[in-house]
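Each remark here refers to the structure printed beneath this line.
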Amino acid sequence: MVHSLMLILASQSSSNAAGIYIAIGAGALFLLWFLFYLIPVGLWFTALLSGVRVSLLQLIFMRWRKVPPKVIVGAMINATKAGLSVKRDDLEAHYLAGGNVKRVIDALISADKANIPLSFQMATAIDLAGRNVLEAVQMSVNPKVIDTPPVTAVAKDGIQLVAKARVTVRANIRQLVGGAGEETILARVGEGVVSSIGSADSHKKVLENPDSISKLVLSKGLDAGTAYEILSIDIADVDIGRNIGAVLQMDQAEADKNIAQAKAEERRAMAVAHEQEMKAKAQEARAKVILAEAEIPIAMSEAFRTGNLGIMDYYKMKNIMADTEMRDALSRGKESKSGNKSNEKKN
């Protein structure tokens, strides 16, 4: 009984000791990992072999400043191997400002190999401005070709032309900060092509000498204030469009016809209105005559009552009226006979 209890206690004490040893070992491994993380000895040794002077204390301070030592030390090693001198503080400041340290160093190395003047301050300014400084350096060495969209213009003879141009540009590093981009270049080239075609007397001249467009456009200095330098402008294609002059003349003729029709309609309406007005006046005069004639019997009866008109006078007046009507009828009959005779002669 006692022996079995001693065995149980001994097994429990051995298991507790094993657990303690495991915990101590895990703690030691974690502490060792933390020390190597906090003190990147391997990175320090790599920098030392590469000729970069950086102390372990500075690497620890980078960790505390939340700056990755691998990025800074890697950039310093690349610059040193390329023969460039950069300061650690400048690289850290650029990283903390939100810049791309590796891209700036690669750009500086490429510019130095291509004999392009580019300082660290200018490279960091371009990078912080949101432009790809490495791509700009590469474009300075290897120019870029930009294809413009079809540009439509009309020559003086009214023929529409559709031109496509290819613009070869090179990055202007000095104007990358604050300079206009590709959209401005395309807009200016399109404007120049329209102006050049529009000043041509005939579309045939443009088709015969398309290089005259590029020469005129290139002479205007379209790259002023932009981040690029225009090397050449080549007209890739020129197509003939519609006859805009003829279309405009047809539209003008149609407009003139509509205006003439509107004026004729206006004159017709005025004539109709004048005719209706004359008819109204004639009807009004006829009404006045009828009213006056209606007053004659009244006046005659009054004359009979007052003795101003006698019976014989009345008969004389009636005879005169009958004689006048007879003469009117005879004159109308003669006129109708003479008209019939003239018609017979004509026939």
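Points to keep in mind about this one:
- Residue selected from the stretch 138-158 under the condition of a type in the set (S, T, N, Q) and farther than 18 Å from residue 235 by Cα, by the criterion surrounded by the fewest Cβ atoms within 10 Å (Cβ to Cβ): 142
- Scanning the stretch 159-183 for residues being closer than 27 Å to residue 203 by Cα and crowded, with 16+ Cβ neighbours inside 10 Å gives a total of 8.
Yes/no matrix, rows are residues, columns are (1) assigned by TED's automatic domain parsing to the domain that holds residue 119; (2) over 20 Å from residue 127 (Cβ atoms); (3) touching an Asp or Glu at 6+ places or on another chain (Cβ under 9 Å); (4) exposed (fewer than 13 other Cβ atoms within 10 Å of the Cβ):
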{"site": "59", "(1), (2), (3), (4)": "yes, yes, no, no"}
{"site": "72", "(1), (2), (3), (4)": "yes, no, yes, no"}
{"site": "76", "(1), (2), (3), (4)": "yes, no, no, no"}
{"site": "83", "(1), (2), (3), (4)": "yes, yes, yes, yes"}
{"site": "94", "(1), (2), (3), (4)": "yes, no, yes, no"}
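- Of the residues in the stretch 225-246, at least one is closer than 30 Å to residue 137 by Cα and not in a strand (DSSP E or B).
- In the stretch 212-224, the residues that are assigned to a helix (DSSP H, G or I) and either surrounded by 15 or more Cβ atoms within 10 Å (Cβ to Cβ) or touching a strand residue (DSSP E or B) at 6+ places or on another chain (Cβ under 7 Å) (or both): 212, 213, 214, 216, 217, 218
- Per the conditions (1) at pLDDT 80 or above; (2) in contact with a Lys or Arg (Cβ under 9 Å, 6 or more places away or on another chain); (3) more than 29 Å from residue 131 (Cα to Cα), the sole criterion not satisfied by residue 170 is (3).
- Considering residues of the stretch 225-239 that are of a type outside the set (D, E, K, R) and exposed (fewer than 14 other Cβ atoms within 10 Å of the Cβ) only, the residue farthest from residue 153 (Cα to Cα): 225
- Filtering the stretch 176-194 to residues that are in contact (Cβ under 8 Å) with a residue 24 or more places away in the chain and part of a helix (DSSP H, G or I) leaves 182, 184, 185, 186, 188, 189, 190, 192, 193, 194.
- Every condition in (1) in a loop (DSSP other than H, G, I, E, B); (2) at pLDDT below 85 is met by residue 73 except one, and the failing one is (1).
- Odd one out for residue 257 among (1) within 30 Å of residue 158 (Cβ to Cβ); (2) in contact (Cβ under 8 Å) with a residue 12 or more places away in the chain: (2)
- Only one of 126, 116 that is of a type in the set (Val, Ile, Thr), under 18 Å from residue 171 (Cβ atoms) and touching a Leu at 6+ places or on another chain (Cβ under 8 Å): 126
Here's the yes/no breakdown for (1) within 19 Å of residue 164 (Cβ to Cβ); (2) out of contact with any helix residue (DSSP H, G or I) (no Cβ under 6 Å at 6 or more places or on another chain); (3) modelled with pLDDT of 80 or more:
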site	(1), (2), (3)
217	yes, no, no
241	yes, yes, no
253	no, yes, yes
275	no, yes, yes
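The values are calculated or read from the model by the stated rules, or taken from the named source; none is laboratory data. These figures come from a predicted structure and were not determined experimentally. Methodologically, a virtual Cβ is constructed for each residue, glycine included, from the backbone with ideal geometry; neighbour enumeration extends over all protein chains shown.
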